[in-house]
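Visitor: Shown below is the structure under consideration.
Read the figures in this text as sums done on the coordinates, not as results from a lab. Predicted, not measured: the structure shown is a model, and the values here were computed from it. Note: ideal-geometry Cβ built from the backbone for every residue, glycine included; neighbour counts use all protein chains shown.
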């Protein structure tokens, strides 16, 4: 097809032809024919020129974390005929559609390698390619594009922070959730205290805390039956705000990935719960959850129904880490009830308005934190720009106060 220059020449040829016919100037008529012939010659060159090329793609690595980079290599090989000078482009979300690089003329069956860096600006599964080649004539009046089949898939994980150790999680060890022969700790080795739940051993009641709180409190420690951990994700679209990498859900996904890895490294069999389930979720390796967290998006979720399942013990009774948006009173009460059967309860409240550049005059995040603290949870607030590892460190150092 004609380029912008070729289109201009065609328009000029038409104008010159009209002027030549109007004023009888032969020279103008010859100039019009010459311009038209030049464009025709350019079109003939690009359409008759050989463009039989093959491309081989290589992406290393094909899984990266947000803000990391991968290397993409395209090897372009000519066919039985030499190829003229070309331009090459590869369709990528982070590449301008008009970004073309020159490719020198290739002898028959020879190759050239084009290497470029691909950035993981935002988590997700991205398709790179296909590549396109464009042949231009020497005069720049015509061009022809051709798609070279083949794509690459890049998975961008959310940012994973290394969380500091020191927070008592209770529960046993072992990624399979199988019991391990480990005695309960003595009173000097207590990992946590929680409210009494029907069926608890009355010998585990901690009477000083019971007298202080006015309700039965039991001691929890490392036992084989609570080696599992659940990470709750509040992914309701109506509760999130912000755009791109600054969105509140991106902070939540990064926090969930960091917590899942931290719990797995500490020997917990982790289940990520983000919607009501038909059967108890099976624990999985943390990289399996990373694949899910790379693609998961906000949606319509019945959070009260999910909290009801947690309260019924669907995912076990070990560690619960809830990563939630600021919850209103009824949902906050449901979360507290859901956590009563867990030996360790931690919450990270994502301050949604801060991710949209706003302040919350109602201070809903602070109210949610206060309610969870009153119920004996360890709580932290994640505002826009906060580092999850810093908030987790504050939970370690001050487990009975809100972090953030």
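Visitor: Mind checking Rg over Rh on the stretch 220-298, alpha carbons, Kirkwood formula for Rh?
Guide: On the Cα set of the stretch 220-298, Rg over Rh gives 1.01.
Visitor: What value in Å³ per residue do you get for the convex hull of the alpha-carbon atoms in the stretch 53-157? Provide the component values of the computation, followed by the final result.
Guide: Numbers: hull volume 9.0 nm³, N = 105.
Residue-normalised Cα hull volume stands at 86 Å³.
Visitor: Another question, then. Running a GNM on the chain with Cα contacts under 10 Å, which residue among 376, 242, 79 ends up with the highest mean-square fluctuation?
Guide: So, out of 376, 242, 79, the one fluctuating most is 79.
Visitor: Using only the alpha-carbon atoms, what does the stretch 268-314 span along each of its principal axes? Please give whole angstrom values in decreasing order.
Guide: Extents along the principal axes, in whole Å: 28, 26, 15.
Visitor: Counting only C-alpha contacts under 8 Å and six or more residues apart, can you give the relative contact order of the chain as a whole percent?
Guide: 13 percent
Visitor: GNM on the chain, C-alpha springs below 10 Å: top fluctuator among 166, 129, 380?
Guide: 166
Visitor: Turning to a different aspect of this structure: By how many degrees, between 0 and 90 and to the nearest 10, does the Cα long axis of helix 286-295 differ from the longest principal axis of the chain?
Guide: Tilt of helix 286-295: around 50 degrees.
Visitor: Compute the length gained on full extension between residue 358 and residue 216: take 0.36 nm times their separation in residues and subtract their Cα-Cα distance, giving the result in nm to one decimal.
Guide: Numbers: separation 142, 0.36 × 142 = 51.12 nm, distance 4.16 nm.
Contour length minus Cα-Cα distance gives 47.0 nm.
Visitor: Shifting gears a bit: By DSSP, what percent of the beta bridges with both residues in the chain are antiparallel, rounded to the nearest 5?
Guide: About 60 percent, rounded to the nearest 5.
Visitor: Any idea what diffusion coefficient the chain gets from Stokes-Einstein, in µm²/s, Kirkwood Rh on alpha carbon pairs, 25 °C, 0.890 mPa s?
Guide: The Stokes-Einstein estimate is 96 µm²/s.
Visitor: Shifting gears a bit: What ranking of 30, 217 emerges when the number of other C-beta atoms within 10 Å of each C-beta is taken as an exposure proxy, fewest first?
Guide: Fewest-to-most Cβ neighbours within 10 Å comes out as 30, 217.
Visitor: Springs between alpha-carbon pairs under 10 angstrom, Gaussian network model over the chain: which of 216, 243, 278 fluctuates most?
Guide: It is 278.
Visitor: Further question: What are the equivalent ellipsoid semi-axes of the stretch 4-48, built from the alpha-carbon gyration tensor (square roots of five times its eigenvalues), in whole angstrom, biggest first?
Guide: Values: eigenvalues 103, 20, 6 Å².
Whole-Å semi-axes of the equivalent ellipsoid: 23, 10, 5.
Visitor: Hey, another quick one. Starting from the Cα-Cα distance between residue 312 and residue 22, subtract it from 0.36 nm times their residue separation and give me the gain in nm to one decimal.
Guide: Gain on stretching residue 312 to residue 22: 95.2 nm.
Visitor: On to the next question. Order by neighbour count: 392, 114, fewest other Cβ atoms within 10 Å first, most last.
Guide: By the 10 Å Cβ count, ascending, the order reads 114, 392.
Visitor: Right, next: Regarding the stretch 309-351, what whole-number volume in Å³ per residue does the convex hull of its Cα atoms give?
Guide: Convex hull of Cα atoms, per residue: 58 Å³.
Visitor: To test your reading of the geometry: what angle, between 0 and 90 degrees and rounded to tens, separates the Cα axis of helix 248-265 from the longest principal axis of the chain?
Guide: With both axes taken from Cα atoms, the answer is about 60 degrees.
Visitor: Taking only Cα atoms, what is the 0 to 90° angle, nearest 10, from helix 364-374's long axis to the longest principal axis of the chain?
Guide: The helix 364-374 is inclined about 30 degrees to the chain.
Visitor: Run the quick spin-label model on residue 330 and residue 112: label points 7 Å from Cα toward the beta carbon, then report their separation in nm to one decimal.
Guide: 6.6 nm
Visitor: Using Cβ counts within 10 Å as a stand-in for footprinting exposure, how do 381, 323 rank, fewest first?
Guide: 381, 323
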